[in-house]
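Here is the structure we will look at.
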Amino acid sequence: MNKEDKFKSGYISLIGKPNVGKSTLLNQLVDAKLAAITSKPQTTRTKITGIAHLEGGQIIILDTPGIHKAHSKLNKMMVQTALRTFSDVDLILFLIDGTEGFSEDDDYALALLEKISAPVFLIVNKIDRIPKPQLLELMGNSLTKRNFAEIIPISALKNDGVDVLEQTVLKYFSEGPQYFPDDMITDCPDEFWVSEIVREKIMKLTQLEIPYSSAVLTDRIKESKPGVLVIDSTIYVEKRTQKMIVVGEKGRLIKQIGQLARKEIEKRFGCSVYLKLFVKVKNGWSQSSIDLQELGYTHDPH
Ligand SMILES: Nc1nc2c(ncn2[C@@H]2O[C@H](COP(=O)(O)OP(=O)(O)OP(=O)(O)O)[C@@H](O)[C@H]2O)c(=O)[nH]1
Ligand SMILES: [Mg+2]
């Protein structure tokens, strides 16, 4: 960075239908595992803030839940959370899964952006799985959908095109302050992040409605002695039968969830972790406003 170059900063929001790779991109931009990622749709339930520190600038990224036609209270809250970021950002990255092209669900999400005055980039993700001619055709056709400020093909998974994306975003920012210190990659509390990791493991290891009926709250992170953290997290499910499934025969599944989560938490904190998991039933929590609030699912969780 030359002395006369101005420091640039701004906020961007990652928007798109579920499963297009928004959280994968967030993690890639901040170069750390901040958000849970699974192959199942509707993994992200809240806004997750990440900070990318670049030469000459700072990008504050809001990862959001996938936009979809929502029915339950939880799902409606998720979609609202995504839409509410529109007014807080300088730029919107609208992601699609390039292997699928524009689907009806993408059109639905895009229609909600119609009145947004902030520039909208189209990010065609998953190009590691698209033949070049198909990608070029998709990029050409996409201008009939909206007059996107930029169209950028990337593979969030393989970190391909992400640097071009960062540089293009910076071009659109004006001079601005360094909002966050150099060593800060998120403003989400550790308790939130730990809960998300546990929830990710549940989502990956269970099927049918269980991933969508599970919520996790971390009640305590405490250093019991130097280099050892004791963490208490509670998994909430909606029915007694679901509790039996999550615990598993002879406690096998809960043990597996705990082991996988612990490994990741130890890597992040760089110390030994003793993770205690509890499973509780909160009848029909995904349909109850009070329960949703108790579980941290509000429009602004932090
Ligand atoms: N092949 C390929 N897969 C990708 C890429 N980016 C993401 N994925 C996969 O797509 C799936 C969904 O990724 P997420 O990052 O969780 O998607 P999301 O948009 O955050 O999904 P929601 O939180 O449910 O809205 C995961 O299995 C990722 O590994 C990519 O560039 N290439
Ligand atoms: Mg996500």
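Residue by residue, here is whether (1) closer than 22 Å to Leu292 by Cα; (2) not β-branched (Val, Ile, Thr) holds:
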site	(1), (2)
Lys6	no, yes
Tyr11	no, yes
Asn19	no, yes
Asp31	no, yes
Ala35	yes, yes
Gln42	yes, yes
Thr49	yes, no
Asp63	yes, yes
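Every listed requirement among (1) touching a residue at least 40 places away in the same chain (Cβ under 8 Å); (2) within 26 Å of Met139 (Cα to Cα); (3) more than 7 Å from ligand 1 (Cβ to nearest atom) is met by Pro18 save one, (3).
Confirm whether Gln58 is surrounded by 16 or more Cβ atoms within 10 Å (Cβ to Cβ), away from ligand 1 (no atom under 13 Å from the Cβ) and in contact (Cβ under 8 Å) with a residue 60 or more places away in the chain. Yes, satisfied. Any chance the range 110-129 includes a residue that's near ligand 1 (Cβ under 10 Å from one of its atoms), in contact (Cβ under 8 Å) with a residue 24 or more places away in the chain and surrounded by fewer than 16 Cβ atoms within 10 Å (Cβ to Cβ)? Within the range 110-129 (the criterion being near ligand 1 (Cβ under 10 Å from one of its atoms), in contact (Cβ under 8 Å) with a residue 24 or more places away in the chain and surrounded by fewer than 16 Cβ atoms within 10 Å (Cβ to Cβ)), the answer is yes, since at least one residue qualifies. Only one residue in Glu200, Glu196, Glu223, Glu191 is acidic (Asp, Glu), surrounded by fewer than 22 Cβ atoms within 10 Å (Cβ to Cβ) and closer than 21 Å to Gly50 by Cα, so which one is that? Step by step, each of Glu200, Glu196, Glu223, Glu191 is checked, and only Glu191 is acidic (Asp, Glu), surrounded by fewer than 22 Cβ atoms within 10 Å (Cβ to Cβ) and closer than 21 Å to Gly50 by Cα.
If you filter the range 168-188 down to residues that are touching a residue at least 24 places away in the same chain (Cβ under 8 Å) and part of a helix (DSSP H, G or I), you find that the one that is surrounded by the most Cβ atoms within 10 Å (Cβ to Cβ) is Val169.
Go through the residues of the range 85-97 one by one and say whether even a single one is touching a Pro at 6+ places or on another chain (Cβ under 7 Å) and either modelled with pLDDT under 95 or within 16 Å of ligand 1 (Cβ to nearest atom) (or both).
For the range 85-97, residues touching a Pro at 6+ places or on another chain (Cβ under 7 Å) and either modelled with pLDDT under 95 or within 16 Å of ligand 1 (Cβ to nearest atom) (or both): absent.
Scan the range 227-240 and give yes if some residue there is at pLDDT below 95 and in contact with a strand residue (DSSP E or B) (Cβ under 7 Å, 6 or more places away or on another chain), otherwise no. Scanning the range 227-240 turns up at least one residue that is at pLDDT below 95 and in contact with a strand residue (DSSP E or B) (Cβ under 7 Å, 6 or more places away or on another chain).
When the range 213-265 is filtered for residues that are over 21 Å from the mean Cα position of the chain (by Cα), in a strand (DSSP E or B) and among the small types (Gly, Ala, Ser), only Ser224 remains. Collect the residues in the range 136-163 that are crowded, with 16+ Cβ neighbours inside 10 Å and either part of a helix (DSSP H, G or I) or in contact with a His (Cβ under 8 Å, 6 or more places away or on another chain) (or both), keeping them in residue-number order. Matches in the range 136-163: Leu138, Met139, Ser142, Val162. Quick check: anything in the range 139-158 at pLDDT below 95 and touching a Cys at 6+ places or on another chain (Cβ under 7 Å)? No, the range 139-158 contains no residue that is at pLDDT below 95 and touching a Cys at 6+ places or on another chain (Cβ under 7 Å).
The values are calculated or read from the model by the stated rules, or taken from the named source; none is laboratory data. From a predicted model like this one, the values you see are computed outputs, not experimental measurements. Cβ atoms come from the backbone with ideal geometry, glycine included; neighbour counts cover every protein chain shown.
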